[in-house]
Amino acid sequence: MDDQKSNFQNKTHSLSSNLQNQMARGHQKELARQRNEKNGAGNKPTTQKGTAAAGLTYQCPVCKSQMGDPKTYKQHFESKHPKNELPAELKDV
C-alpha cells in the first residue's frame, strides 16, 4: 500500500513540476516578445524581396528600371538611352 502511495505521489509531483515549467516558459516567451517589440526587432524587412527592394535606390526616369548604385545607373543610361540627355545627378559620377 505504501508503495502505491509513493508511486502516486511521484507521478503527481512530476506532473505538477512539468506544469510549472510550461507556465514559466510561457512567461519567459511573453517577456521576450515584449522586449523584442520595444527594441524594434519586428520592423525589419523579413523577406529577401523586401531587403533587395530596400537597396534599389536609383530609378531610371525613362524606363523606370531600378538600380542599386550610381555607377550602374550611369552605365545603364549610357547604353540603353544614348539619345537622351544624361540626368544632372549622373554627370559627376
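The values are calculated or read from the model by the stated rules, or taken from the named source; none is laboratory data. Remember, it's a predicted structure, so these values are computed and weren't measured experimentally. As a convention, Cβ positions derive from the backbone with ideal geometry for all residues, glycine included, and neighbour counts pool all protein chains shown.
Of all residues in the range 30-67, how many are closer than 17 Å to LYS91 by Cα and in contact with a Leu (Cβ under 7 Å, 6 or more places away or on another chain)? Reasoning before the result, please.
Initial filter on the range 30-67 (closer than 17 Å to LYS91 by Cα): 58-62, 67.
Pick out the ones that are also in contact with a Leu (Cβ under 7 Å, 6 or more places away or on another chain) and you get 67.
The number of residues fulfilling the criteria is 1.
Can you list the helices (runs of 4 or more DSSP H) lying wholly within the chain that have 1 or more residues being more than 28 Å from the chain's Cα centre (by Cα), polar (S, T, N, Q) and at pLDDT 75 or above?
Working: elements: 2-39, 48-55, 70-80.
Per the criteria, 70-80.
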